[in-house]
């Protein structure tokens, strides 16, 4: 295994650590003879021995053949050959990433502070971590960062537009222009002179690095992207995948050896938690940074479970062997209910408190010992204390499960980060602690989904059902405690409650949270107290609530916003700005009476934006709509606006796949000819126009969702904000908009 070390003296050292990965197989003697014949033909040294190992949840070990491969580069091809040749054998430990296996075996993790013994030839004699991945006081390694970005006006440079190269390092920015040879030579000089540890790019995987490599190859010029001269640049093709009900697109990868390439536009982790959060995830999951930046968070939690299994000497199956137990239709309806949601009381309410269970689902897994091997165990089937509420499952009371053992340190470390964040006096320290706790939050969030995921290595649907059953019971207990103390429930969704009680202050809500914690055994805290909060209605039926759509003003002045245009990725920037200004205006009111007094000013904001549209002043950036393709472009049968834009891009030679995003402007949404309805942003030139009516409609909808519970109707909103009808606007009396949908 090649290991890159950053010495305390600043040297970058390439070292080689002898590493022998192993796999296991269980097969009858007749098949083993075939295995031995295959192994004897291997081109590298192979070791075998008979051992006994446990499978997850098994009471007795099984005999398996351990195969040691002394050339790690051949491990994957050799094991795949064995799998193809011996389909009736059971294989274990064959498809775990070798860098992860190395971290597990050596008890190391990415960017660990280590003590090493290394020969002059760069051979590692020993390596030992001097810190734990569960430490919270570690510092950021002294890594140098070179940033590369395309200077391209298009939202996605892959869709078109000429680009120059922007380079940033140590706060200095420069633009590399000129012909291709000049750009490559200047960039190569920078790479050689500065020798950065991290290339931080925008569109690096899909656009920048492939383009730069092609230019360098065509011109036969050197380009020192890789620090390791022994290795080529890693490449993975783009692909689409299904996750949580959505088709997503992955832009592929361009990975380096000896330094790290991180693409901000191809990394969920970097977007959600920053570099400090990415490093935190890599440390605790033992997945290298380049892989962690490009994979789903589920891969991280799976790696942690795999490490727990390796540490416990358990066999990791090649393919999941645990099928879902048979259920009748009635049993399925009874057990598979999900989290509990109370429909909110539509309208704006004042002096409301929100209580949230901290990491509810992972905490349930740990407290009630929910894991694939502990649900419906043989030893506790008659123990009434082991019974899961409402459904017929039970959990083990004698043996701690693999999933709880994996999650418990995560929960503890996140709680420590939150305490450090609250106590930090420096803003920069608070930012770092927040990014790190956010990284752990995402690992905890996906741990529940992977518990019931069909492809999860240690997943089981009965465990998934047990978690949701406990959550429903605990939320009901919290509701009962609150109502006994005189609180009124306005809304509850899975792990959060919104409550109101006349005269209640922060200490009252803190006391209630403490009582609920004692009753349920799960930590619940006060998320905040609202000056007012609005649970917003359906756009179709004003009396129908939408559980995850609300806006609220905390007593400290910040706002919490869910489910409306300002939070949607497909809403035009102009609509988001207008809605943000309306919310800012509404936040000037601290009571419901003051809130209603802000309506005329909110209407004036919408009128200003409508006039901006009508006068043709809106820009491409303000109007661009971003939509994700839910299927392959060729699979669409209807001329949706996003499909029309995709067809335009395809005609211009742009490659698209399911999950890719397209950016377009509505030019004439009702045109008879589909190609006249929208224009792709990448194809916009100096002769373009936009559909004022279509964008005006989006603007009114965004305003109405906020103002409808305050009594503003679609008709009155349209008339009072019509930029061509000032007289109507002046006649509006704010008292006419005093109706509340609190029913």
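The values are calculated or read from the model by the stated rules, or taken from the named source; none is laboratory data. Keep in mind it's a predicted model, so treat the numbers as computed, not measured. Because the Cβ atoms are built from the backbone with ideal geometry, glycine has one as well, and the counts that use them run over all protein chains shown.
To keep it simple, each residue is scored yes or no on (1) without any contact (Cβ under 8 Å) to a residue 40 or more places away in the chain; (2) closer than 22 Å to residue 196 by Cα; (3) touching a strand residue (DSSP E or B) at 6+ places or on another chain (Cβ under 6 Å); (4) not assigned by TED's automatic domain parsing to the domain that holds residue 198.
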{"site": "258", "(1), (2), (3), (4)": "no, yes, yes, no"}
{"site": "261", "(1), (2), (3), (4)": "no, yes, yes, no"}
{"site": "266", "(1), (2), (3), (4)": "no, yes, no, no"}
{"site": "273", "(1), (2), (3), (4)": "no, no, no, no"}
{"site": "276", "(1), (2), (3), (4)": "no, yes, no, no"}
{"site": "279", "(1), (2), (3), (4)": "no, yes, no, no"}
{"site": "296", "(1), (2), (3), (4)": "no, no, no, yes"}
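Of all residues in the range 236-256, which are loosely packed, with under 15 Cβ neighbours inside 10 Å and either in a loop (DSSP other than H, G, I, E, B) or not assigned by TED's automatic domain parsing to the domain that holds residue 203 (or both)? Before the answer, list the steps.
The first filter runs over the range 236-256 and keeps only residues loosely packed, with under 15 Cβ neighbours inside 10 Å, leaving 236-237, 239, 241-246.
The answer is 237, 244, 245.
Report, by residue number, each residue of the range 413-430 that is without any contact (Cβ under 8 Å) to a residue 12 or more places away in the chain and under 24 Å from residue 301 (Cα atoms). Before the answer, list the steps.
Of the residues in the range 413-430, the ones without any contact (Cβ under 8 Å) to a residue 12 or more places away in the chain are 419, 422-430.
Passing the criteria: only 419.
Determine, yes or no, whether residue 149 is part of a strand (DSSP E or B) and crowded, with 19+ Cβ neighbours inside 10 Å. Here the answer is yes, as residue 149 does meet what is asked. Within the range 271-282, the set of residues being more than 15 Å from residue 440 (Cβ to Cβ) and modelled with pLDDT of 95 or more comprises 275 only.
For the range 417-433, a residue qualifies if it is within 22 Å of the chain's Cα centre (by Cα) and within 15 Å of residue 358 (Cα to Cα), and the qualifying residues are 417, 418. Determine if the range 440-457 includes at least one residue that is in contact (Cβ under 8 Å) with a residue 60 or more places away in the chain, farther than 16 Å from residue 299 by Cβ and part of a helix (DSSP H, G or I). Yes, that holds for at least one residue. The set of residues from the range 1-54 being more than 18 Å from residue 92 (Cβ to Cβ) and assigned to a strand (DSSP E or B) comprises 2, 3, 4, 5, 6, 12, 13, 14, 15, 16. In this entry, residue 58 passes the filter for residues that are within 37 Å of the chain's Cα centre (by Cα) and assigned by TED's automatic domain parsing to the domain that holds residue 96. Evaluation of residue 326 against the conditions (1) surrounded by 19 or more Cβ atoms within 10 Å (Cβ to Cβ); (2) outside the structural domain of residue 531 (by TED's automatic domain parsing); (3) under 30 Å from residue 61 (Cα atoms) shows that the sole unmet condition is (1). Just to be sure, is residue 173 at pLDDT below 90, touching a strand residue (DSSP E or B) at 6+ places or on another chain (Cβ under 9 Å), surrounded by fewer than 17 Cβ atoms within 10 Å (Cβ to Cβ) and in the same structural domain as residue 263 (by TED's automatic domain parsing)? No.
The lone criterion from (1) part of a strand (DSSP E or B); (2) surrounded by 18 or more Cβ atoms within 10 Å (Cβ to Cβ) left unmet by residue 366 is number (1).
Which members of the range 598-654 meet the condition of being assigned to a loop (DSSP other than H, G, I, E, B), touching a residue at least 12 places away in the same chain (Cβ under 8 Å) and more than 25 Å from residue 720 (Cα to Cα)?
Residues of the range 598-654 that are assigned to a loop (DSSP other than H, G, I, E, B), as a first pass: 598, 615-619, 624, 629-632, 636-640, 652-654.
Now restrict to residues that are touching a residue at least 12 places away in the same chain (Cβ under 8 Å): 598, 616, 618, 624, 629-632, 639, 652, 654.
Hits for the range 598-654 are 624, 629, 630, 631, 632, 639, 652, 654.
Tallying residues that are out of contact with any helix residue (DSSP H, G or I) (no Cβ under 6 Å at 6 or more places or on another chain), at pLDDT 85 or above and under 21 Å from residue 336 (Cα atoms) within the range 438-458 yields 2. Among the residues making up the range 369-390, those that are surrounded by 19 or more Cβ atoms within 10 Å (Cβ to Cβ), closer than 23 Å to residue 449 by Cβ and touching a helix residue (DSSP H, G or I) at 6+ places or on another chain (Cβ under 7 Å) are 369, 370, 371, 372, 373, 375, 376, 388. Among the numbered conditions (1) touching a residue at least 40 places away in the same chain (Cβ under 8 Å); (2) in contact with a strand residue (DSSP E or B) (Cβ under 8 Å, 6 or more places away or on another chain); (3) farther than 15 Å from residue 360 by Cβ; (4) in a helix (DSSP H, G or I), the only one that residue 475 does not meet is (3).
Any residue in the range 91-109 that is assigned to a helix (DSSP H, G or I) and touching a strand residue (DSSP E or B) at 6+ places or on another chain (Cβ under 8 Å)?
Initially, the range 91-109 is screened for residues assigned to a helix (DSSP H, G or I), giving 98-106.
Add one more test, that the residue is touching a strand residue (DSSP E or B) at 6+ places or on another chain (Cβ under 8 Å), and what stays is 106.
There is at least one residue in the range 91-109 that is assigned to a helix (DSSP H, G or I) and touching a strand residue (DSSP E or B) at 6+ places or on another chain (Cβ under 8 Å).
Looking across 558, 578, one residue alone is within 31 Å of the chain's Cα centre (by Cα), surrounded by 14 or more Cβ atoms within 10 Å (Cβ to Cβ) and farther than 15 Å from residue 348 by Cα. It is 578. Please verify whether the range 154-168 includes one or more residues that are exposed (fewer than 14 other Cβ atoms within 10 Å of the Cβ) and either part of a helix (DSSP H, G or I) or touching a strand residue (DSSP E or B) at 6+ places or on another chain (Cβ under 7 Å) (or both). Yes, some residue in the range 154-168 is exposed (fewer than 14 other Cβ atoms within 10 Å of the Cβ) and either part of a helix (DSSP H, G or I) or touching a strand residue (DSSP E or B) at 6+ places or on another chain (Cβ under 7 Å) (or both). Against the list (1) surrounded by fewer than 22 Cβ atoms within 10 Å (Cβ to Cβ); (2) within 27 Å of residue 330 (Cβ to Cβ), the condition residue 395 fails is (1).
Where residues in the range 117-146 are exposed (fewer than 15 other Cβ atoms within 10 Å of the Cβ) and part of a strand (DSSP E or B), which of them is nearest to the chain's Cα centre (by Cα)? Going through the qualifying residues, I end up with 128.
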